[in-house]
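Visitor: Structure incoming, see below.
All of the numbers you see were taken from the coordinates with simple rules; none came from a lab. Small disclaimer: the values here were computed from a predicted structure and weren't measured. Quick reminder, even Gly has a Cβ in these numbers, built from the backbone with ideal geometry, and neighbours come from all protein chains shown.
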Amino acid sequence: MAVGMSAAEADRRFLKASPEDTAAAQNVYRRIIDHLGATIDYPRWHQVGHPAPDLIASWINAGELYLVWEDGEIAGVVALNHEAVSAYKEVDWAVEAAPEQALVVHALGVVPDQQGRGIARFILDSTIALAKHRGMRAVRLDVYVDNTPALELYSRYGFTDLGCHTVDYGNYDLTQFHLFEYVL
């Protein structure tokens, strides 16, 4: 165990979801979405029903969904790929990177009863390590303008906030998102 690390933190694993994990991953997102609906829906996931079960399944089938396991339970989730909406092409990024050279973060979530335990930071640490291992030039993401906790998380972590941009996600009436970049 690393110095300053709790036993629980030492037991955390960041693993690619397998098809057998589909129902559990969908259930975790459902728990997160329900919690947001019952409290403050900062990212508006409850309002728009995001991510939908079929999207979660497609991320798993494509090998893009990662799970944080701790004590035999899923504590956090994130989708990682190279897919970015058209607004990403209009941003003045700090580093030039072709789509396959930038890892894009989607739908990072922490199980409600695991919040405040460093799970989101662990996901970011693991994402950065994975991106470096794959030879990426940057990690990028967008955050809904009213999602204050996420805006603060990414800024504290060291991502650069490139400001608020109009982003078109098609079926959603949410259009204002901050775009963030972490240069590797």
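Visitor: Would you mind calculating the gained length between A94 and T166 on full extension (0.36 nm times residue separation, minus the Cα-Cα distance), in nm to one decimal? Provide the component values of the computation, followed by the final result.
Guide: Details: separation 72, 0.36 × 72 = 25.92 nm, distance 1.89 nm.
Extra length available between A94 and T166 comes to 24.0 nm.
Visitor: Here's a follow-up. Just in the stretch 40-86: which GluC sites (Glu not before Pro) are loop by DSSP and have at most 10 other Cβ atoms within 10 Å? Before the final figure, lay out the partial values.
Guide: Values: sites: E64, E70, E73, E83; in loops: E64, E83.
Listed in order of number, the matching sites amount to none.
Visitor: Right, something else. Starting from the coordinates of the alpha-carbon atoms of the stretch 7-134, obtain the Kirkwood hydrodynamic radius over all distinct pairs and give the value in Å to one decimal. It would help to have the intermediate numbers written out before the result.
Guide: On the way: mean 1/r = 0.0648 Å⁻¹.
Evaluated on the stretch 7-134, it is 15.4 Å.
Visitor: When only DSSP loop residues count, what GluC sites (Glu not before Pro) in the stretch 86-184 have their Cβ near at most 14 other Cβ atoms within 10 Å? Before the final figure, lay out the partial values.
Guide: Working: sites: E90, E96, E100, E152, E181; in loops: E96.
Taking the stretch 86-184 and a limit of 14 other Cβ atoms within 10 Å, the loop GluC sites (Glu not before Pro) found are E96.
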